[in-house]
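The values are calculated or read from the model by the stated rules, or taken from the named source; none is laboratory data. Being a predicted model, the structure only gives us computed values, none of them experimental. So basically every Cβ, Gly included, is an ideal-geometry build from the backbone, and we count neighbours across all protein chains shown. These area figures cover heavy atoms from the full protein model, side chains too; ligands, DNA and RNA do not enter into them. Shrake-Rupley method; radii C 1.70, N 1.55, O 1.52, S 1.80 Å.
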Amino acid sequence: MADALGAVRMRAGRALAAGVAVAGVLLAGCTAEPDRFVPQGDAGGASATPDLSRAPVATPTARTETVEVAPGVRLVVEWPAAPDRDTAGMVAAFRDHLAGSFRAVVTGGRDVGYLDAVTGDAVGELSTWVGEFLDQHRSVRGTARVYALTVGPVDGRGAQMEACMDESGMRLLDTATGRPLARQPAWTREPFLQAAGMRLGDDGVWRVALLRHTELPSERVKGCLR
């Protein structure tokens, strides 16, 4: 446990030293609670850098997958219809990085399997995000939903993926009491649009290389409302 937690915090320290920005929400007592991160930098080798200049386009849903992240924590993913091999690989990587990062939080840093689904800048970004929860003694409970997934054309070993995220079914917890905080952060109240720069590794596996997000009242996010 100590080694896993140390690895998370070591990566988090390197990311902070490099100037990675982590979004925060001020709660009672001016305490900064973990929020969705706003990473900066290039796409870690991916040719496509996430571009949030357009609203998401509704796509047919082939199936809905429910991932049991941990007791009381679920991730629901609405897969796009008829995904080709590359699209399926990118959706799987996006799913795994989300489920894995929440699993790292609820296990207190013992499970760092999310690192298998990320590369480049996303390694430090997610490690920093997880580290924020651990340092502030926070956890989560509830259901997160991913929908309106779209994947752009593959350019070399890179591509861009976009997804609507709805974490209004989740609650931030105080690990000391196991109870939800009296005031919840913004990401538990309304959907947002997540864009990911994806990279194809030498092993033929797609991974998340860079993440960016935008929130309401941006016109770009209104396509996520339903």
- Within the range 119-147, the count of residues that are open to solvent by 20 Å² or more (accessible area, probe 1.4 Å), part of a strand (DSSP E or B) and touching a helix residue (DSSP H, G or I) at 6+ places or on another chain (Cβ under 7 Å) comes to 0
- If G204 satisfies every condition in (1) assigned to a strand (DSSP E or B); (2) under 27 Å from P80 (Cα atoms) but one, which is the exception? (1)
- Output yes when any residue across the range 182-195 is modelled with pLDDT of 95 or more, surrounded by 16 or more Cβ atoms within 10 Å (Cβ to Cβ), among the small types (G, A, S) and under 21 Å from F102 (Cβ atoms), and no when none is. no
- Given (1) under 22 Å from F133 (Cβ atoms); (2) open to solvent by less than 20 Å² (accessible area, probe 1.4 Å); (3) at pLDDT below 95, where does V221 come up short, assuming only one miss? (1)
- L173 fails exactly one of (1) surrounded by fewer than 21 Cβ atoms within 10 Å (Cβ to Cβ); (2) over 17 Å from the mean Cα position of the chain (by Cα); (3) not basic (K, R), namely (1)
- Query: Across the range 196-213, what is the number of residues that are open to solvent by 20 Å² or more (accessible area, probe 1.4 Å) and farther than 15 Å from A92 by Cα?
  - Reply: 4
- Residues of the range 88-116 satisfying the condition of being assigned to a helix (DSSP H, G or I), open to solvent by 10 Å² or more (accessible area, probe 1.4 Å) and of a type outside the set (D, E, K, R): A88, G89, A92, V106, G113, L115
